[in-house]
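J.: Sending over a structure as structure tokens; questions will come in a sec.
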Amino acid sequence: MAIENPSREEIGAILKKAKRIAVVGLSNKPDRTSYQVSAVMQKAGYEIIPVNPTFDGEILGVKAVASLKEIEGHVDIVNVFRRSEQLFEVAKEFVEIDADVYWAQLGLASVEAYKFLKEKGYTVVMDRCIKVEHALTKNMP
């Protein structure tokens, strides 16, 4: 099974509808890509929820949680900054919280996680940067 991402139009619709993004692997270090991407998305108006089991403090002004299961309320997008071999474990936790969209950042993909989530009817985006996709789609109708 090949990984097929939603079309650019569908990605634009996902980003227009979404309000809350849980970022798995969000670093508290400003020089890290996860921090930079999340800061841009936060400035664009999204609520960013840091998910980092190794950091017990605030990232981008928000208290980090250790796992997706600690988040109260609905999550629209789970944006994953973890190695590709860890995507399936994150996918299993994603299903437990029943978020809308599973998004693996640029350079990350797992056929195993993709197949697992698609079989359950979830929307999956892999190997795409959410910040870039937001910039490309924000002016789409």
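Every number here is computed from the coordinates shown, using simple stated rules; none is lab data. None of these values were measured; they are calculated from a predicted model. So basically every Cβ, Gly included, is an ideal-geometry build from the backbone, and we count neighbours across all protein chains shown.
J.: Considering only residues that are under 17 Å from Ile77 (Cβ atoms) and of a type in the set (Gly, Ala, Ser), look in segment 24-63 and name the one that is surrounded by the fewest Cβ atoms within 10 Å (Cβ to Cβ).
T.: In this case the residue turns out to be Gly45.
J.: Looking at Lys131, Lys92, Lys118, which one is within 19 Å of Glu10 (Cβ to Cβ), in a helix (DSSP H, G or I) and out of contact with any strand residue (DSSP E or B) (no Cβ under 8 Å at 6 or more places or on another chain)?
T.: Details: Lys92 fails: within 19 Å of Glu10 (Cβ to Cβ); Lys118 fails: out of contact with any strand residue (DSSP E or B) (no Cβ under 8 Å at 6 or more places or on another chain).
After ruling out the rest, the residue left standing is Lys131.
J.: Would you check if Thr54 is hydroxyl-bearing (Ser, Thr, Tyr), more than 13 Å from Ile21 (Cα to Cα) and more than 15 Å from the chain's Cα centre (by Cα)?
T.: Details: hydroxyl-bearing (Ser, Thr, Tyr): yes; more than 13 Å from Ile21 (Cα to Cα): yes; more than 15 Å from the chain's Cα centre (by Cα): yes.
When the stated conditions are applied, Thr54 passes them.
J.: Another question, if that's okay. Quick one: which residue in Leu106, Leu87 is crowded, with 17+ Cβ neighbours inside 10 Å, touching a residue at least 12 places away in the same chain (Cβ under 8 Å) and within 16 Å of Met126 (Cα to Cα)?
T.: On the way: Leu106 fails: crowded, with 17+ Cβ neighbours inside 10 Å.
Going through Leu106, Leu87 in turn, the sole match is Leu87.
J.: Is there a residue in segment 57-66 that is in contact (Cβ under 8 Å) with a residue 24 or more places away in the chain and under 20 Å from Met126 (Cβ atoms)?
T.: No, because not a single residue in segment 57-66 is in contact (Cβ under 8 Å) with a residue 24 or more places away in the chain and under 20 Å from Met126 (Cβ atoms).
J.: Identify the residue in segment 35-65 that is part of a loop (DSSP other than H, G, I, E, B) and of a type in the set (A, V, I, L, M) and, among all such residues, is farthest from Asn139 (Cα to Cα). Steps first, answer last, please.
T.: Restricting attention to segment 35-65, the residues satisfying the condition of being part of a loop (DSSP other than H, G, I, E, B) are 44-46, 52-57, 60-61, 64.
After this cut, where a residue has to be of a type in the set (A, V, I, L, M) as well, the list is 44, 60, 64.
Numbers: Ala44: 13, Leu60: 26, Ala64: 31 Å.
Filtering first and then ranking leaves Ala64.
J.: Let me ask something additional. In segment 17-35, how many are touching a residue at least 60 places away in the same chain (Cβ under 8 Å) and touching a helix residue (DSSP H, G or I) at 6+ places or on another chain (Cβ under 8 Å)?
T.: The number of residues fulfilling the criteria is 3.
J.: State which residue pairs qualify: first residue in contact (Cβ under 8 Å) with a residue 24 or more places away in the chain and inside segment 42-55, second residue part of a loop (DSSP other than H, G, I, E, B) and of a type outside the set (Lys, Arg) in any location, beta carbons under 6 Å apart, and separation of 6 or more residues or different chains.
T.: Cβ pairs passing all conditions: Ile48/Leu60; Ile49/Ile71; Pro50/Leu26; Pro50/Ala64; Asn52/Leu26; Asn52/Ala64; Phe55/Asn28; Phe55/Ala64.
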